[in-house]
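What follows draws every value from the coordinates through simple rules; no lab data is involved. These figures come from a predicted structure and were not determined experimentally. So basically every Cβ, Gly included, is an ideal-geometry build from the backbone, and we count neighbours across all protein chains shown.
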Amino acid sequence: MLIWIYTLSLSPSPYPCLHDFYTVAHPGRTVRDGFGVFGGSNGFWNTALLKRIGMNGGMLTEDIDSSMRVLEEGGRIGTDPLLVSRELATTTILHTWNQRLRWSQGWLQVSWKHCRKMMFNPHFGLRQRFGAFMLLFIREIYPWVASQVCYVKSLFYYNFCTLFIS
């Protein structure tokens, strides 16, 4: 089985919430869903695996795309909290905005390309398939569904209040 280890980003950052993402979300997802996801520059690849899988320059988040291809082949991605690496963080709000926009578009691209393959991955059990569903499908539709909550609530309260007023 192929092993790929993801490291934690513990670099100084003006955005401390990102540390929670790397120290809680990634390891937590690995435990909950039974698979990890590599993102960014903080990871160690098996050289032979990286040469074979490669990075697809046509993808906005080629690292996530490569993660999905490794998982589709039955490979493993794990976390190791004892490994430390450093990287440069964005320094302005505009750079951060542009980076997050690119990541968002890249995740949509990866979700579109890999969701079905991950849901029917023969190497995955039910728990991993559910995790892939949450990661690739629910994460994409959630903003659209959540934005409707305010609208639906306002209609409910309007209709509820008109019953007592009239």
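Need a quick list: helices (runs of 4 or more DSSP H) entirely within the stretch 57-166 having at least 2 residues that are more than 24 Å from TRP45 (Cα to Cα).
Numbers: elements: 62-72, 93-119, 126-132, 139-165.
Answer list for the stretch 57-166: 93-119, 126-132, 139-165.
Each row is one residue, and each column tells you yes or no for (1) within 25 Å of PRO27 (Cβ to Cβ); (2) touching a residue at least 12 places away in the same chain (Cβ under 8 Å); (3) surrounded by 15 or more Cβ atoms within 10 Å (Cβ to Cβ).
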| residue | (1), (2), (3) |
| --- | --- |
| ARG52 | no, no, no |
| GLU73 | yes, yes, no |
| ILE77 | yes, yes, yes |
| TRP103 | yes, yes, yes |
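Of all residues in the stretch 57-104, count the ones that are farther than 27 Å from GLY125 by Cα and out of contact with any Lys or Arg (no Cβ under 6 Å at 6 or more places or on another chain).
Of the residues in the stretch 57-104, 26 are farther than 27 Å from GLY125 by Cα and out of contact with any Lys or Arg (no Cβ under 6 Å at 6 or more places or on another chain).
Output the number of residues of the stretch 60-99 satisfying the condition of being farther than 17 Å from ALA132 by Cα and acidic (Asp, Glu).
3
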